[in-house]
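One structure is given here, and the rest of the page talks about it.
What follows draws every value from the coordinates through simple rules; no lab data is involved. Here the structure is a predicted model, which is why all the values come from computation and not from measurement. Please note: Cβ atoms are built from the backbone with ideal geometry, for glycine as well, and neighbour counts cover all protein chains shown.
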Amino acid sequence: METTEQNYFAHETSVIDEGCEIGAGTKIWHFSHIMEGCKIGENCNLGQNVVISPGVVLGNGVKIQNNVSVYTGVTCEDEVFLGPSCVFTNVMNPRSAVNRKHAYSRTKVGRGATIGANATIVCGHDIGEYAFIGAGAVVTKSIKPFALIVGNPGIQIGWMSRMGHRLQFDTTGHARCPESGERYILRQGHVSLEQ
């Protein structure tokens, strides 16, 4: 391994394969399996029964709740939150008798995004930074930054701030986060922080 045991915590029941990179301050809890060739950033927290497959990349400060499998082809940028039992896929047309390891699709989860409990992310679609995927939603297309998605199939019903509050835009396309005071602007179907 690239790092030593003193730099991160791994519960005695976890399994960490050779060839992983695990950042300082990361915590890996009960019955989790970290597979070869994955890269996990600093100060991540991987809950109970989490599987990180070969080649997966997790940025710094990623939090993964219990019972989540992050499959090959998935990249999570810094400060992503993955809720309990959320699901990623990596093949569009899986069959038990057909080996499609060469056909893995890529999924990128942008910085600060949240994926709620039991949500499903169909492979090949990007989740924009600070997007918020509600519990149980099924994502079947790429998601814009700051978008709030619910339902099956997932539809956008609004916008979220970086702090995780629903934004209320006025008639001029401006909104303010009630917690941080940050100001946002909505222009041509896209939200960004006001400069």
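Using 0.36 nm per residue of separation minus the Cα-Cα distance, give me the extension gain between residue 39 and residue 163 in nm, one decimal.
Between residue 39 and residue 163, full extension yields 42.0 nm more.
Can you tell me the Rg and Dmax of the chain, counting just the alpha carbons, in angstroms?
Rg then Dmax for the chain, in Å: 17.5, 56.
Pairs of Cα atoms under 8 Å, at least six residues apart: use those to get the relative contact order of segment 84-183, whole percent.
RCO, segment 84-183: 18 percent.
Evaluate the distance, in nm, between pseudo-label points positioned 7 Å from the Cα of residue 135 and of residue 182 along their respective Cα→Cβ axes.
Those two pseudo-labels are separated by 2.5 nm.
Among 193, 186, what is the fewest-to-most ranking by other Cβ atoms within 10 Å?
By the 10 Å Cβ count, ascending: 193, 186.
Lysine pairs in segment 1-137 8 or more apart or on different chains: how many have alpha carbons under 15 angstrom apart?
Qualifying lysine pairs in segment 1-137: 4.
What is the magnitude of the charge dipole of segment 5-168 about its Cα centre, with +1 placed on the Cβ of each Lys and Arg, -1 on the Cβ of each Asp and Glu, and no other charges, expressed in debye to the nearest 20?
760 debye
Please give the contour-minus-distance gain from residue 7 to residue 156: 0.36 nm per residue of separation, less the Cα-Cα distance, rounded to one decimal in nm.
Length difference between fully extended and current span is 49.6 nm.
How much of the DSSP bridge set in segment 51-195 is antiparallel, in percent, rounded to the nearest 5?
35 percent
What FRET efficiency comes out for the pair residue 31/residue 195, r = Cβ-Cβ distance, R0 = 45 Å, nearest 0.05?
The value I calculate is 0.45.
Counting alpha carbon pairs within less than 8 Å and at least 6 residues apart, what relative contact order, in whole percent, applies to the chain?
RCO, the chain: 10 percent.
Using a 10 Å cut-off around each Cβ, can you sort 32, 14, 142 from fewest to most neighbouring Cβ atoms?
Listed from fewest to most nearby Cβ atoms, that is 142, 14, 32.
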